[in-house]
């Protein structure tokens, strides 16, 4: 009887500790937000954006990055993009749209177990090159594709 | 905020495919309100985090060029049926939301 009570108290104490961990987890997004790379997102050309994000703008073109995007996007407000990186040890995938007011669109950082694959939808102001930068093993690789836009997605 | 995230995660062999839809205005801050002529202030998601069993599997920094009501899909290894996947976002106004989903 008593041992059961003991274990009950123990497990409830553990649950309490778990609760603390969860609330600590809830606080982290704010801490992470401070790390949002403002300089990189505010940059107005591709090279500056890559430089601000990675500390270097030297990239190697790689055929191991598959970039799936429409040749012609009728609506620039919704352009579906899929990136698959076959480079081993892909750490992050960044999307840049060269003629947008601020080219850097998104950086996806792969955690443990994540594959080099990401799919999303972006806004494009005009016909422009889509640049993907993949960071793997401390090196930067890139791939490019032009997307023609009929109606821009940045104005009202 | 009401639940703004819809997540579906499915195990296929080794990999788990996650698909998510978030409802968010994603204002760029470069659009004008046609009636008043004033700029609509920027309001967009900056951070998206997705974790499985306490491990961050994806951490995304977003800019203003992600479309309205963003769609996101990615894959990762090492999950089982019935595991819990947690996804959360924070925008530039400090608003946030998170959701948990069972992996199917």
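Quick notes on this structure:
- For chain B, built as a Gaussian network whose Cα springs stay under 10 Å, the top-fluctuating residue of B:65, B:25, B:42: B:65
- Each DSSP beta bridge with both residues in the stretch A:38-151 is either parallel or antiparallel, and the antiparallel ones are about 85%.
- As a proxy for reagent exposure, B:72, A:67, B:85 were ordered by neighbouring Cβ count within 10 angstrom, fewest first; the result is A:67, B:85, B:72.
- What the Cβ-Cβ distance of residue A:137 and residue B:33 gives, at R0 = 35 Å and to the nearest 0.05, is a FRET efficiency of 0.15.
- Between the stretch B:29-59 and the stretch B:80-104, the Cα center-to-center distance that results, in Å: 16
- Two numbers describe the Cα atoms of the stretch A:38-151: Rg and Dmax, which are 13.2, 39 Å.
- With the convex hull drawn around the C-alpha atoms of the stretch B:5-102, the volume per residue stands at 87 Å³.
- With a Förster radius of 41 Å applied to the beta-carbon distance between residue A:39 and residue B:83, the computed FRET efficiency rounds to 0.65.
- Förster radius 35 Å - calculated FRET efficiency between residue B:23 and residue A:64, Cβ distance, rounded to 0.05: 0.50
- Gaussian network model of chain B, springs between alpha carbon atoms under 10 Å - residue of B:66, B:22, B:40 with greatest fluctuation: B:40
- Footprinting exposure proxy for B:89, A:36, B:62 (fewest neighbouring C-beta atoms within 10 Å first): A:36, B:89, B:62
Every number in this text was worked out from the coordinates using simple rules, so none of it is lab data. Computed from a prediction, not measured in an experiment: that's the story for all the values here. As a convention, Cβ positions derive from the backbone with ideal geometry for all residues, glycine included, and neighbour counts pool all protein chains shown.
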